[in-house]
Amino acid sequence: MTSSRAEIKAGGLRLLIDGEVATVTLARPERRNAMTPALWHGLADIGATLPAQVRVVVLRGEGPSFCAGIDLNLLTGAAMADDGEIARPDDPDFDQKVASYQAGYLWLRDPSIVSIAAVQGHAIGAGFQLALACDLRILADDARLCMKEPALGLVPDLTGTKPLVDIVGLPRAIELCLTARTVTAAEAMLLRLAELVVPAAELDAAVADLVAALLATDAAAARATKALLQLAPAHSLAEQAAAERRAQAELLRSRLSLRP
Ligand code: ACO
C-alpha cells in the first residue's frame, strides 16, 4: 500500500494520498477558493491519475468557505494568465472547453471510489456543483448552499443540474435555481442535500468517521455495489434484479479466479 504523499496541483489545489484515501483541498482561502479553468483542469488531472488503490476521495475547502464558485475576475476579464482560459461564446471550441471543465467534476462519480464533500461556510455556484458532484455531503452547521448562476445570467453547467434534480426533485430544483436563494445547513438536511450536519468544529472528525466506516467494507463488493446502485434510477425492477444477478456472479467469479 502506498504511504502518505502530498502534492501541490495546478490552480490552487492540494492533493494528499494516504493509502486508500485521497484528500483534495481547494487551497485559495484568500479568494474563498474561487474556481478557475486551471483549477477545473487540475481536478480533472487528479481524477485521471488517481492511484488504483484509492477507495475514498474527500473534497474540502481551506478557510471559512468551501468554495465561492467561479472566480468572478474571469467574468470581468481581470483574471491572471495562469488562471487558464474561460470559454467565450464566440469560441469555435466552446463546447470542448466547457467539457474540459466538466471533466473536473465527472470523475467523482466513478464507481471505483466514494467521494465525500466536506462543506463549511459557502458553497456557491460552481462550488455548490462540486459538492453535488460528490456521492456524499457532510455539512458544517454554518454551511450555505446557493445555485447563483441564473442570478448572474448563466446556467449551471458544471454537472450540477442532474444530481440536484435527482436529490431534491424537479419542482424544488426549479425553485432553488430560479430564485438563486441560499439554503442553510438545516434546510439542506431536510432536502437530502446533506447526509449529515455537524457543528463546524466537528467536521473533520465526522468525515474521518465516515471514511473509516466506508473502508471497513470489502473493496470489490463496495465498488460493484456502487456501480449497481447507479444503474437503479434508469432501470425497471426486472432490469435491476437482472443487474443484481450479473453483478453478484461477476463479483463471486472474480474471487474464485483469485484463489490459489
Ligand atoms: N471570485 C473572486 N474573488 C472572490 C470570490 C469569487 N467568486 N469570492 C470571494 N472573493 C474574494 C473577495 O473579492 C475578497 O477579496 P479581497 O479580500 O481582495 O477583497 C475575498 O475573496 C474575501 O471575500 P469576502 O467577500 O470578503 O468574504 P466573506 O467571507 O465576507 O464572503 C462570500 C464570502 C459570501 C463567498 C462572498 O465573497 C461572495 O459572495 N462571493 C461571490 C460569490 C459568487 O457570486 N460566486 C459566483 C457564483 S456563479 C458560478 O460559480 C458559475
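The values are calculated or read from the model by the stated rules, or taken from the named source; none is laboratory data. Computed from a prediction, not measured in an experiment: that's the story for all the values here. Cβ coordinates were reconstructed from backbone atoms using ideal geometry, including for glycine residues, and neighbour counts include every protein chain displayed. These area figures cover heavy atoms from the full protein model, side chains too; ligands, DNA and RNA do not enter into them. Shrake-Rupley method; radii C 1.70, N 1.55, O 1.52, S 1.80 Å.
Restricting the search to the range 62-85, which residues are touching a strand residue (DSSP E or B) at 6+ places or on another chain (Cβ under 8 Å) and of a type in the set (A, V, I, L, M, F, W, C)?
Those that are touching a strand residue (DSSP E or B) at 6+ places or on another chain (Cβ under 8 Å) and of a type in the set (A, V, I, L, M, F, W, C): F66, C67, A68, I70.
Go through the range 203-233 and report how many residues are open to solvent by 80 Å² or more (accessible area, probe 1.4 Å) and free of Cβ contacts under 8 Å to residues at least 40 places away in the same chain.
Total meeting the criteria: 3.
Restricting to the range 137-173, name every residue that is over 18 Å from A201 (Cα atoms) and in contact with a Leu (Cβ under 7 Å, 6 or more places away or on another chain).
So in the range 137-173, the residues over 18 Å from A201 (Cα atoms) come out as 145-173.
Within the range 137-173, L145, M147, P150, T159, G160, P163, L164, I167, V168, R172, A173 meet the criteria.
Looking only at the range 151-201, filter to residues that are within 14 Å of the ligand (Cβ to nearest atom) and at positive phi; which one of those is farthest from the chain's Cα centre (by Cα)?
G153
Being open to solvent by 70 Å² or more (accessible area, probe 1.4 Å) and part of a helix (DSSP H, G or I) is the filter here; which residues of the range 162-185 pass it?
K162, D166, L170, P171, R172, I174, L178, T179
Are there any pairs, at least 6 apart or on different chains, whose C-beta atoms fall under 8 Å, with the first in the range 161-183 and over 19 Å from C134 (Cα atoms) and among the basic types (K, R) and the second open to solvent by less than 30 Å² (accessible area, probe 1.4 Å) and outside any strand (DSSP E or B), and if so, which?
R172/L191
Report whether or not Q240 is in contact with a helix residue (DSSP H, G or I) (Cβ under 6 Å, 6 or more places away or on another chain) and either open to solvent by 80 Å² or more (accessible area, probe 1.4 Å) or not in a loop (DSSP other than H, G, I, E, B) (or both). Please lay out each step first, then the result.
Details: in contact with a helix residue (DSSP H, G or I) (Cβ under 6 Å, 6 or more places away or on another chain): yes; either open to solvent by 80 Å² or more (accessible area, probe 1.4 Å) or not in a loop (DSSP other than H, G, I, E, B) (or both): yes.
Judged against the criteria, Q240 is a match.
Taking helices (runs of 4 or more DSSP H) that do not extend beyond the range 52-161, which have at least 3 residues that are open to solvent by 40 Å² or more (accessible area, probe 1.4 Å)? Step through it out loud before you land on a result.
Details: elements: 72-76, 94-106, 126-133.
Output list reads 72-76, 94-106.
Condition first: open to solvent by 30 Å² or more (accessible area, probe 1.4 Å) and at pLDDT below 95. Now tell me which residues in the range 4-51 satisfy that.
Of everything in the range 4-51, those that are open to solvent by 30 Å² or more (accessible area, probe 1.4 Å) and at pLDDT below 95 turn out to be S4, R5, A6, E7, I8, K9, A10.
Suppose we filter the range 124-144 for residues that are among the β-branched types (V, I, T) and more than 12 Å from the ligand (Cβ to nearest atom); how many remain? Quick ask: steps written out before the conclusion?
Our first condition is that a residue be among the β-branched types (V, I, T); within the range 124-144, this holds for 124, 138.
Restricting the remaining residues to those that are more than 12 Å from the ligand (Cβ to nearest atom) gives 138.
Of the residues in the range 124-144, 1 are among the β-branched types (V, I, T) and more than 12 Å from the ligand (Cβ to nearest atom).
Would you mention how many residues in the range 52-78 are over 18 Å from the mean Cα position of the chain (by Cα) and either more than 16 Å from the ligand (Cβ to nearest atom) or closer than 16 Å to I8 by Cβ (or both)?
Selection size over the range 52-78: 2.
Evaluate the following for L210: is it within 17 Å of the chain's Cα centre (by Cα) and either of a type outside the set (D, E, K, R) or assigned to a helix (DSSP H, G or I) (or both)?
For L210, the condition - within 17 Å of the chain's Cα centre (by Cα) and either of a type outside the set (D, E, K, R) or assigned to a helix (DSSP H, G or I) (or both) - is met.
Given (1) touching a strand residue (DSSP E or B) at 6+ places or on another chain (Cβ under 9 Å); (2) not in a helix (DSSP H, G or I), identify the lone condition not met by G42.
Of (1) touching a strand residue (DSSP E or B) at 6+ places or on another chain (Cβ under 9 Å); (2) not in a helix (DSSP H, G or I), only one is false for G42: (2).
I'd like the full set of residues that are β-branched (V, I, T) and in contact with a helix residue (DSSP H, G or I) (Cβ under 6 Å, 6 or more places away or on another chain), limited to the range 181-202.
So in the range 181-202, the residues β-branched (V, I, T) come out as 182-184, 197-198.
V197, V198, listed by residue number.
Taking the range 34-61 on its own, how many of its residues are basic (K, R) and within 22 Å of A220 (Cβ to Cβ)?
So the count comes out to 1.
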